[in-house]
């Protein structure tokens with residue numbers, strides 16, 4: 001008999017890991033639908049440390065990333081948004097910046113460390129995105145209009161930063 005207890009995801013902010021490795025997750029996907037209704041061009045998640053900002057941006061990444069389309073049911077099947085998906089699900093190419101853990105000391109090295117993080121994020125994004133762009137039948141702009149994959153708009157990408 002399989003153990004039905006879920007593990008506590010202490011310190012884990014990767015939603016894919018939580019959704020696929022038997023970790024407990026308190027479903028906050030209802031907020032995705034609410035965020036879409038806000039219609040603001042930029043969203044800021046201002047919360048104290050350890051309040052789940054990185055995990056929620058990981059959830060958003062999994063939900064909106066076009067490359068995760070085939071895994072939607074695995075990640076979201078038992079969640080609110082899995083039962084009530086929006087039309088924007090898996091519609092965007094995602095660019096992720098993770099600025100946690102950048103060395104800020106000595107101060108002279110910080111600009112180089114920052115540039116390196118940006119460079120690595122762009123390299124990770126550009127390699128799979130170039131393949132996705134040509135293999136995807138279409139991408140959506142935030143306004144919902146379809147665009148040709150051979151001529152994507154700058155609006156067909158979301159950027160998350162941690």
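Worth a mention:
- For the stretch 26-41 versus the stretch 81-106, the gap between their alpha-carbon centres in whole angstrom: 14 Å
- Shown is the FRET efficiency for residue 114 and residue 4, computed with R0 = 35 Å from the Cβ-Cβ distance and rounded to the nearest 0.05: 0.20.
- Length gained when the stretch residue 96-residue 123 is fully extended (0.36 nm per residue, less Cα-Cα span): 8.6 nm
- Oblate is the label for the stretch 1-89, because the ratio a/c of its alpha-carbon gyration tensor axes (a ≥ b ≥ c) is 1.5 or higher and a/b is not greater than b/c.
Taken together, the values in this text are just the output of simple stated rules run on the coordinates, not laboratory data. Remember, predicted model here, so these are calculated numbers, not experimental data. Every residue, glycine as well, gets a Cβ built from its backbone with ideal geometry; the counts of neighbours run over all protein chains shown.
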